[in-house]
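> Can you keep this structure in mind? I'll have questions shortly.
We did not get these values from a lab; they are worked out from the coordinates using the rules stated. What you see is a predicted model; the values in this text were computed from it and never measured. Note that each Cβ is placed from the backbone with ideal geometry, even for glycine, and that neighbours are counted across all protein chains shown.
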């Protein structure tokens, strides 16, 4: 453990707030101004133990993913971690939720959180990285009151609600959740994700990684009886006037990093990581995002029709110029690339039906169609026949095309009396998938496939037929959750299996001795070896992420 950690950065701020919160917990349990002003929250510490392997995307000192010899060993991103780390995450949270309701029709809400991340300080085998980077300076009324690489204090959510009977309005920094599938975002597409620290492997899945944005949201309920047969009908819409935040991915050195770096920063030559000098990201401030849905209910059948006009959350890179080389033995062809977040249109629908006795099952279906989804082209690099790509320079750069994409899932949920004398078990079964009609023409990632692959044409580096990459992501999901002893104990297990022979198992156990304390232990296990662990559509892409997580939470 690095003992200097306690004396550097803004760590003193966290310890001050932690002590202060302990002093005021009893105050937060009461209504500060009757029912007008109330405060709730929690203090949590979590540690994630690495039971898997060293992250391959932090530890490849010789070759990058395109088969080129890496740059001289500086902070390349291909050799920043020499040994396997024992700690994937060591983080403490202090979260408060404030509710102010001066009138029945009006409410103000804010979630303020202080996070301290000491992962790189407790594990000396990890490269020093910014654990709390949220977005670039361009996008971001992030509400951060102050932060460094290890500590942040921020207003995570802040909005006001106005209830005018049939019309309900919410204005402010918020999350909009339209989908309800397990470990899959079908209709839940409005907010980007903070994937820099634990992906969807928390028990709460997307709740803590969905990034709130400044938006206006409105719901108008049409009076029952206005249309024949329908029991309920409403129209909902949202507008983001231009403060758009992209997905936040892990940085170099992060145990959760999930790809190689394809670009380098010309303003900091020590941060080599790829062959592309990336220009400034296209500035999207002032560009609007919006969407709406029509919801209805007829007896035990309900559903929505959705549309969203958004920007892609993930950056897509495109080569704008090729020039120059780096001399041997680090021979590379350098190029300029531009990052873009293309506009996409998402058409969606959902259907729910509640079956009566004896089935007692709720069925939910969600589906989306994206006519202009951005995907990388398969022939991003080209090498003449018989010439190993390690010694040759590429003559074509990165490019992407718009293509059709379908996403879908069906979910069955039932509460069943499985264990005599105990509460009902929550049993959920789900099937989910992705279909890209032009799958043979597109790729998940830019660049060439591994140098060992040679297509039938005799060329190195192209990906005709997607022999290396699989695009469609069908999977079966089983989720089990059982309470014991009046919710004092809870056992759960999430199993995701893909027909190609890969799976993820996520067992968990929680102990809640009273109204305030909660102790959790969860694990993530990955298995199978389809596509040699290098295909982003397969669960075993994260084969190195076997882990056990322990959490202690005090809630007030």
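> May I ask you to sort 305, 216 by Cβ crowding, counting other Cβ atoms within 10 Å and putting the fewest first?
Values: 305 13, 216 16.
So the residues, fewest neighbours to most, are 305, 216.
> Let me know the whole percent of all Cα-Cα pairs from segment 151-266 that are separated by more than 21 Å.
Result for the distance tail: 53 percent.
> Sort segment 472-548 into rounded, prolate or oblate with this rule: let a ≥ b ≥ c be the square roots of the eigenvalues of the Cα gyration tensor; rounded if a/c is under 1.5, and if a/c is not under 1.5, prolate when a/b is larger than b/c, oblate otherwise.
prolate
> With the crude spin-label approximation of a point 7 Å out along Cα→Cβ, what separation in nm comes out for residue 314 versus residue 105?
Result for the modelled spin labels: 4.6 nm.
> Sort 375, 201, 86 so that the residue with the fewest other Cβ atoms within 10 Å of its own Cβ comes first and the one with the most comes last. Show your work: numbers first, answer last.
On the way: 375 20, 201 23, 86 13.
So the residues, fewest neighbours to most, are 86, 375, 201.
> Order 183-195, 348-360 from most to least packed using the mean count of other Cβ atoms within 10 Å.
Most protected by this proxy first, the peptides run 183-195, 348-360.
> I would also like to ask the following. If neighbour count is taken as other Cβ atoms inside 10 Å, put 141, 312 in order from fewest to most.
141, 312
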